[in-house]
1. Heavy atoms only, probe 1.4 Å: what % of the accessible area of the chain goes to carbon and sulfur, would you let me know?
2. How big is the antiparallel share of DSSP beta bridges in the chain, given as a percent to the nearest 5?
3. Need one number: nm distance between label points at I373 and H421, each 7 Å from Cα along Cα→Cβ, rounded to one decimal.
4. Using Cα-Cα distances under 8 Å and only pairs 6 or more residues apart, what relative contact order does the stretch 496-572 have, in percent?
5. Per residue of the stretch 29-35, what does 6.51 cos²θ - 1.76 cosθ + 1.60 with θ = phi - 60° give for ³J(HN,Hα)? Whole Hz please, x for Gly and Pro, Karplus curve as stated.
6. Would you give the gap between the C-alpha center of the stretch 471-521 and the C-alpha center of the stretch 87-111, rounded to a whole Å?
7. I'd like the Karplus ³J(HN,Hα) series for the stretch 17-23: coefficients 6.51, -1.76, 1.60, θ = phi - 60°, whole numbers in Hz, and an x wherever there's a Gly or Pro.
8. Stretch H461-Q366 to full length: gain in nm at 0.36 nm per residue minus the Cα-Cα span?
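The values are calculated or read from the model by the stated rules, or taken from the named source; none is laboratory data. The model shown is predicted, which means the values in this text are computed figures rather than measured ones. Virtual Cβ from ideal backbone geometry, glycine too; neighbours counted across all protein chains shown. Surface areas here come from the heavy atoms of the whole protein model, side chains and all, with no ligands, DNA or RNA. Shrake-Rupley method; radii C 1.70, N 1.55, O 1.52, S 1.80 Å.
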Amino acid sequence: MDKKTDARVVQLLKNKKNLDENSIKNCFSQAAKKQVSPIPIICNIHKLNEKEILEIITKEFRSAYLDLKGVSIEKALIDKVPVKIASYYAFLPITLENRNLTIAVAYPLDVKIQDEIRSHLGFNIKVVLSCEHDIVEMLKQYYGVAAEMVEKIISQKTYENVEAKIKADEHVDDLEEAVDTVSVIQLVNQIILEAYRKRATDIHIEPYRNKLRLRYRIDGILYDANVTPEIRNFFIPILSRIKLMSNLNIVEHRVPQDGRAIVKVGDQKLDLRVSFIPTPHGESVVIRILPAVMLFDLEKLGLDEKELTFFKELISKPHGIIFVTGPTGSGKTTTLYACLSTINTNERKIITIEDPIEYELEGITQIQIASEIGLDFAKGLRSMLRHDPDVMMVGEVRDLETAEIAIRVALTGHLVFSTLHTNDAASGITRLVDIGLEPYLVASSVDAFIAQRLIRVNCPHCKKEDDDPIAGIKELIARELEFDDQSLIKIYRSAGCQACNFTGFYGRTAIHEILIVNEPIKELTSQKATSDQIKKCAVVNGMRTLRQSGWLKVIAGVTTPDEIIRVTQSDELMPEQMPKEEKTTLEKALAVSKESAPDTRFAADEPKNDVLQKQRVAMPSDRRIYGRKDDRVYIRFKIFKAAKGNSEVNFEPEMVMVTKNISAGGLLFNITEYFAPGKIIEMKLELPDDPINIECLSKIIRCQELVANKDYEIAICFLDLPNSERRRLSRYINQ
């Protein structure tokens with residue numbers, strides 16, 4: 001830095017911003033040691049706006065300020081300015097017109113430095129000021145990650161014997177400590193440091209023919225990192241350095257290897273999980289980045305009030321099993337850690353067995369699986385019982401032996417947490433039965449199955465309401481959430497900005513599907529019902545599906561419809577993909593559809609005799625949980641009416657109607673006026689030759705106009721029908 005320039009800037013800030021001169025000079029000293037611009041340091045200490053300070057300086061130096069956000073630079077210009085020149089003088093080339101090169105710098109350049117740049121490049125120089133962070137990020141964007149370091153190593157020819165050099169230092173203390181040291185050690189450090197700064201959870205280094213690919217996984221999505229092609233020359237030294245950090249064999253390239261390392265970034269320690277696999281063009285490596293210490297809070301998992309209440313009730317039980325299900329990378333372990341942290345008190349002994357241990361939890365005994373010495377989940381579980389635990393966590397139930405031990409542990413008075421790899425909550429039941437568990441054991445020991453997915457969150461810095469959403473998306477959301485007025489639904493999305501790396505997303509949250517194993521679910525489990533039947537029954541009993549949970553996040557502005565469709569695409573179909581006869585999830589569960597007339601699986605020309613008619617009643621459609629019977633039965637009901645300013649329960653006058661058909665899940669009848677879906681009904685069903693009426697609360701799920709007679713067909717589902725009454729109704733239907 002030039003002393004005359006520094007003196008002018010110090011005096012300018014002292015006069016314009018009334019800053020203490022000694023404080024400003026101290027900031028300049030810090031900047032000189034780090035070889036960076038003093039402006040960001042001054043702004044950080046004195047809580048000033050960097051753009052505002054730069055605009056004040058440009059007026060003094062008769063220059064201009066340029067906001068680099070949205071600026072695009074031609075590749076031809078990047079090719080004309082070598083990375084070693086741009087990085088050494090810390091400038092970004094902007095435009096080149098008639099041999100006049102405009103460059104952006106974070107601090108005014110003196111005449112001598114401008115002359116040096118002019119002599120190196122052969123262009124006349126025009127200087128504009130920009131924020132230092134923007135310049136650094138755009139240098140990485142256009143030249144590649146660690147491009148200047150690769151250029152320095154090549155120019156110094158230090159890479160020829162680099163393997164011998166990196167063996168001398170097998171420990172990384174601080175990734176930021178010596179980033180300017182020209183070596184492959186610091187090249188690896190910079191790759192990891194860049195991943196951490198971009199919020200990446202994984203680093204992928206993949207070799208191909210004559211090419212090395214570097215990718216970062218950010219918010220669950222892989223993004224290519226721009227790297228200079230010359231980095232391919234350092235592929236073997238990079239792998240050797242990572243292996244040394246992870247205490248792996250650097251001469252073994254034929255078999256997979258797994259290791260771990262701990263590095264430091266500022267005050268933050270990072271736990272690196274490293275995995276190597278052999279490929280035709282060399283070893284591919286993935287580095288997972290985990291904070292060494294992490295705080296887990298149940299209330300920060302993305303749960304709404306209803307789901308949070310469910311969770312707290314579940315984890316407060318003294319015994320039973322809770323399974324969290326979902327694919328790899330859906331946050332299952334994080335959810336279990338949050339549950340354990342919530343109930344981790346001095347009065348409880350908590351033991352976990354995991355593969356691997358992702359985070360260290362204070363006050364909890366954690367066991368690492370070691371299959372090479374015979375320590376698997378089943379063996380570890382048996383040993384854990386001898387340590388008098390109150391709560392146990394099994395990383396994953398993979399086989400019958402582990403499942404049986406976990407089930408019996410829960411039945412003997414322990415609370416057990418575990419995970420399963422299934423697509424939804426209902427599939428967890430069938431998965432346990434498929435691996436060999438007796439259905440009665442599953443029904444009697446498991447409290448709940450919780451399916452989970454991670455969704456990306458709209459960037460708060462660039463989020464705004466979407467004026468032109470996907471065609472039909474509001475209708476879909478309104479139908480699946482049973483909203484009466486879709487105009488109230490607002491959809492938000494983010495355009496992309498520097499804060500979110502122009503992705504439109506910043507961070508992730510979870511959506512959940514909580515299946516409580518209540519009496520109806522236990523009965524279906526004992527009958528070895530399919531996962532579809534179990535899911536339909538759970539929805540009838542009030543379970544919110546993953547898709548519905550996601551739509552609520554969309555309405556709240558947390559995420560976009562595209563993100564929900566991406567992570568829940570196997571749950572429900574979009575309108576254009578949905579068969580005509582399919583209705584909403586709740587209607588499917590109750591088998592209330594347009595063709596609710598007799599079963600159409602029989603040919604039209606078959607004789608319509610009494611035997612066939614009985615077969616049709618006894619053989620419900622494959623999509624239905626309960627048998628359905630076309631029958632005229634009297635129903636008395638009153639529709640709930642909300643009274644403003646009155647907390648008492650009010651109902652409309654009682655009505656008497658005749659059903660079209662009935663099942664143990666709900667019924668159909670015609671009425672002359674329209675009632676909106678979602679309304680609650682107090683119902684009495686008068687079965688023939690039965691003096692005792694069936695009484696329960698019900699809910700209108702569909703009210704469809706009939707063109708033929710201008711009536712309305714209403715479909716209702718039973719909400720609180722006791723299991724004994726449901727069986728009584730089933731017996732009547734099957735008569």
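1. With neighbouring chains kept in place, the figure for the chain is 49 percent.
2. For the chain, the DSSP antiparallel bridge percentage is about 75.
3. So the two model labels end up 2.6 nm from each other.
4. Details: 46 pairs, mean separation 19.6, N = 77.
Dividing the mean separation by the residue count of the stretch 496-572 yields 25 percent.
5. Karplus values, whole Hz, x for Gly and Pro: 5, 4, 5, 5, 5, 8, 6.
6. Answer, in whole Å: 46.
7. Once θ is set to phi - 60°, the couplings for the stretch 17-23 become 10, 6, 8, 6, 4, 5, 5 Hz.
8. 30.2 nm
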